[in-house]
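Notes for the one structure printed next.
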Amino acid sequence: MRILIAEDDVTSRLILENMLTKWGYDVVAATDGGDAWKKLQEEDAPKLAILDWMMPGMEGIEICRRIRENSKKEDQYTYVTLLTAKESKENIVTGMDAGADDYITKPFDMHELRVRVRAGQRIVQLQSELLEAKKNLELLSRTDPLTGVLNRRAILSHIENELSRAKRNSSHISISMLDLDHFKKINDTFGHLAGDAVLRESTNRVEEAIRTYDTIGRFGGEEFIVVLPGAKQTDALTVAERIRRKINEKIADVDGVSIPFTISQGLATCNGKSTVDGLIAKADEALYRAKEKGRNCVVHADVQE
Amino acid sequence: MIEKWLKESEEMHDTKIIQESLPKDEIFDKNSFLERLLDDEDLAREIIKEFLEDSLSQIDTIKKALSNNNPKLVHRQAHSLKGAAANVSATALKKLAYQIEIASKTGDMAKASSLISKLVEQFEALKKRLTQQILTID
């Protein structure tokens, strides 16, 4: 584990550096406040900092304030221990109030230093586990567990964002409402597990067919939405046709059983002035027409057949 | 056998009492210094070398700041010297540095100036002790 120590007094710095290294920590040393602050802002900066209160350049307490201000913006935590002379113990309240987690008085008691650093290490580890768990949960809350693509809520919010972007940039946005043909029949004939496999296979193939900045999400059941930022009507038709061909390329192979499947798509395009519901309603209506037309085809809402 | 053990234990007890009744060494407390460094003698030597060098320039800065009437600088340097002295268990020097720190903080430069020769004297005494007791450790 890496620890930053910021201390202008050479004796204190030597003691800290030597002891912490002896205890297996990786020490990054700074000799004044400005240097310490710079080192704390580097990528992969130490998460545990031992800062002297009185330092030239920037005092420990000021660094402390800045760290706390910064951590509001960024998703990370730095554990701060302030160093202070025994005579200024009354300053502790100010220090902890500025965001310090702990303090150590000088001259150091090595046994105390060791256990306090260990306590800090525990907090840093807990924090990073917590942040990791939070990140995973956020990801899970956006993901469809079966197919791994965005779930309904996430794809809807994605459309919302892309709509406002299109409005801002006066650009276009298209969506494709995509539905597996006769999916109930697949389930009835081959079983639900095979049906699940076909859903997964479909999203894999769609992902291969779309552009890097396009996104697919599961709208519900066997219905998916592909968001095509910047795509006008003709671009949308091109991508949709590519998706259709990719699906038709070969029959799905589920544990040695061949399952034929096709999809229908309804497209809608707007210049950012539509609402999410409005755009989806248009695409849905086009999808209905594609089904009427005999399935395995693409229909754009604004194109009359 | 038991007698021998009892005798030894009495002797140990006596030594302990004698040690406790000795006044604590104000100039330099070698035991407390080494104890705090968990008896790392290499580190002790390194710290003392740096301390002697660094303190000398700090005292110099304090002297200059006193003649330039710069209480802020006196305060900062005295504070720094106090911390370093505490680190090497030099209580007498630490106390003097602290007095200068307080005096300069309240703007009493006359008092701070009156203490500086004592501080230099104390530092010389300490330097002698440190050279004898630490720098010559094998």
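First measure r as the distance between the Cβ atoms of A:His182 and A:Glu249, then evaluate 1/(1 + (r/R0)^6) with R0 = 30 Å and state the FRET efficiency to the nearest 0.05. Can you show the working numbers first?
Numbers: r = 19 Å, r/R0 = 0.62.
The formula returns an efficiency of 0.95 here.
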- Message: Taking 25 Å as R0, compute the FRET efficiency from the Cβ-Cβ separation of B:Glu124 and B:Asp54 and round it to 0.05.
- Response: 0.95
- Expressed in nm to one decimal, what extension gain is obtained for the pair A:Lys293 and A:Glu129 from 0.36 nm per residue of sequence separation less their Cα-Cα distance? 53.7 nm
- Message: Debye calculation, C-alpha points only, no solvent: report log10 I(q)/I(0) for region A:94-174 at q = 0.27 Å⁻¹, in the same order as the q values.
- Response: -1.17
- Message: Principal axis extents for region A:63-207, Cα atoms only, whole Å, descending order, please.
- Response: 81, 44, 19
- Euclidean distance between Cα centres, region B:37-71 to region A:129-147, Å: 54
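Among A:Thr189, A:Thr31, what is the fewest-to-most ranking by other Cβ atoms within 10 Å?
Numbers: A:Thr189 12, A:Thr31 18.
Listing A:Thr189, A:Thr31 from fewest to most nearby Cβ atoms yields A:Thr189, A:Thr31.
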- Note on the structure: Gyration tensor on Cα atoms of region A:132-212, a ≥ b ≥ c root eigenvalues, a/c under 1.5 rounded, else prolate if a/b beats b/c, else oblate, says oblate
- Item | Normalised alpha carbon radius of gyration of region A:173-305 [divisor 2.2 N^0.38 Å] | 1.02
- Note on the structure: Taking only C-alpha positions in region B:85-138, Rg and Dmax in angstrom work out to 13.2, 46
- Note on the structure: Here the alpha-carbon Rg of region B:29-96 over 2.2 N^0.38 Å rounds to 1.23
- Message: I need the fraction of alpha carbon pairs in region A:1-52 separated by more than 19 Å, rounded to a whole percent.
- Response: 18
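Just to be sure I understand: if I project the alpha-carbon convex hull of region A:1-123 onto a plane and average over all orientations, what area do I get in nm²?
On the way: hull surface 27.0 nm².
Average of the hull's projected areas for region A:1-123 equals 6.7 nm².
Given that compact globular proteins tend to follow 2.2 N^0.38 Å, what is the ratio of the alpha-carbon Rg of the protein assembly as shown to that value? Working shown, then result.
Working: Rg = 36.7 Å, N = 443, 2.2 N^0.38 = 22.3 Å.
Output field value: 1.65.
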- Whole-Å semi-axes of region A:170-233's equivalent ellipsoid (Cα gyration tensor): 27, 11, 8
- Step through the table entries B:Lys49/B:Lys94; B:Lys49/B:Lys111; B:Lys30/B:Lys118; A:Lys106/B:Lys30; B:Lys82/B:Lys111; A:Lys232/A:Lys282, compare each Cα-Cα distance with 26 Å, and write down the pairs that go over it. B:Lys49/B:Lys111
- What is the mean projected area of the alpha carbon convex hull for region A:54-146, to one decimal in square nanometres? 7.7
- Message: Could you tell me the calculated FRET efficiency between A:Glu42 and A:His192, based on Cβ-Cβ distance and R0 = 51 angstrom, to the nearest 0.05?
- Response: 0.45
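Every read-out reported here was derived from the displayed coordinates using simple, explicitly stated rules and does not represent laboratory data. Please read these numbers as outputs of a predicted model, since none were measured by experiment. Backbone-built Cβ (ideal geometry, glycine too); neighbour counts: all protein chains shown.
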